[in-house]
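What follows is one structure encoded as structure tokens, with my remarks underneath.
The values are calculated or read from the model by the stated rules, or taken from the named source; none is laboratory data. Because the structure is a prediction, the values reported are computed rather than measured. Cβ sites come from the backbone with ideal geometry, for glycine too, and all protein chains shown count toward neighbours.
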């Protein structure tokens, strides 16, 4: 009797396990990281602003993020200044970017380009130990800044060199043509 019950239980288990219901919908596509490892969904952005520092704006450039740019309180915002333009080996212009803050030693004293940000806006401003009204137009007029918004999770887990805007843009998968340029 034990053999029949055991045989019947095994047969019933086999029938129950072999039953299938309707196939469910496929799941969302995943992101394959390096070497097939799971990756991180990066939604970082890079914007470019250009403006002039003067007494009228208190030597500060203010930019409010539009609703099309999503910035979370935990995100990292990096700002780079277009420091110089050189030529590459083919005579093409080559932009030289530096991560803020940047300090210049001038005849008048020390000048620093600095910034602060919230998840709503960013402010780039000049600080000095002298009267900012004595600055030359080369230090104030038509200054170009790139704003890189890096998701917090990615910024913490990544080993990218944040002082190198090229590496940051590459990590965020942002190309030069993807950059939105704003004149303030």
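Among the residues making up segment 103-117, a single one is assigned to a loop (DSSP other than H, G, I, E, B) and free of Cβ contacts under 8 Å to residues at least 12 places away in the same chain: 107.
Checking each residue in segment 55-82 for being surrounded by fewer than 17 Cβ atoms within 10 Å (Cβ to Cβ) and closer than 18 Å to residue 128 by Cα picks out 55, 56, 57, 58, 60. Residues of segment 38-54 that are surrounded by 15 or more Cβ atoms within 10 Å (Cβ to Cβ) and at pLDDT below 90: 42, 44. Scanning segment 166-181 for residues that are loosely packed, with under 13 Cβ neighbours inside 10 Å and touching a strand residue (DSSP E or B) at 6+ places or on another chain (Cβ under 6 Å) yields a total of 1.
Each residue in segment 146-165 was checked for being touching a residue at least 12 places away in the same chain (Cβ under 8 Å) and either in a loop (DSSP other than H, G, I, E, B) or surrounded by fewer than 15 Cβ atoms within 10 Å (Cβ to Cβ) (or both), and 7 pass.
Going by the conditions given, is residue 12 at pLDDT below 70, surrounded by 10 or more Cβ atoms within 10 Å (Cβ to Cβ), more than 27 Å from residue 181 (Cα to Cα) and over 20 Å from the mean Cα position of the chain (by Cα)? In short, yes. Of 89, 138, all but one fail to be surrounded by fewer than 14 Cβ atoms within 10 Å (Cβ to Cβ) and within 24 Å of residue 183 (Cα to Cα); the exception is 138.
Somewhere in segment 93-102, is a residue exposed (fewer than 14 other Cβ atoms within 10 Å of the Cβ), more than 22 Å from residue 161 (Cα to Cα) and either over 26 Å from the mean Cα position of the chain (by Cα) or touching a residue at least 12 places away in the same chain (Cβ under 8 Å) (or both)? Checked against the condition, which is being exposed (fewer than 14 other Cβ atoms within 10 Å of the Cβ), more than 22 Å from residue 161 (Cα to Cα) and either over 26 Å from the mean Cα position of the chain (by Cα) or touching a residue at least 12 places away in the same chain (Cβ under 8 Å) (or both), segment 93-102 yields no hits at all.
Going by what's in this entry, would residue 143 be described as loosely packed, with under 13 Cβ neighbours inside 10 Å, touching a residue at least 24 places away in the same chain (Cβ under 8 Å) and farther than 15 Å from residue 45 by Cβ? Spelling it out, it is not the case that residue 143 is loosely packed, with under 13 Cβ neighbours inside 10 Å, touching a residue at least 24 places away in the same chain (Cβ under 8 Å) and farther than 15 Å from residue 45 by Cβ.
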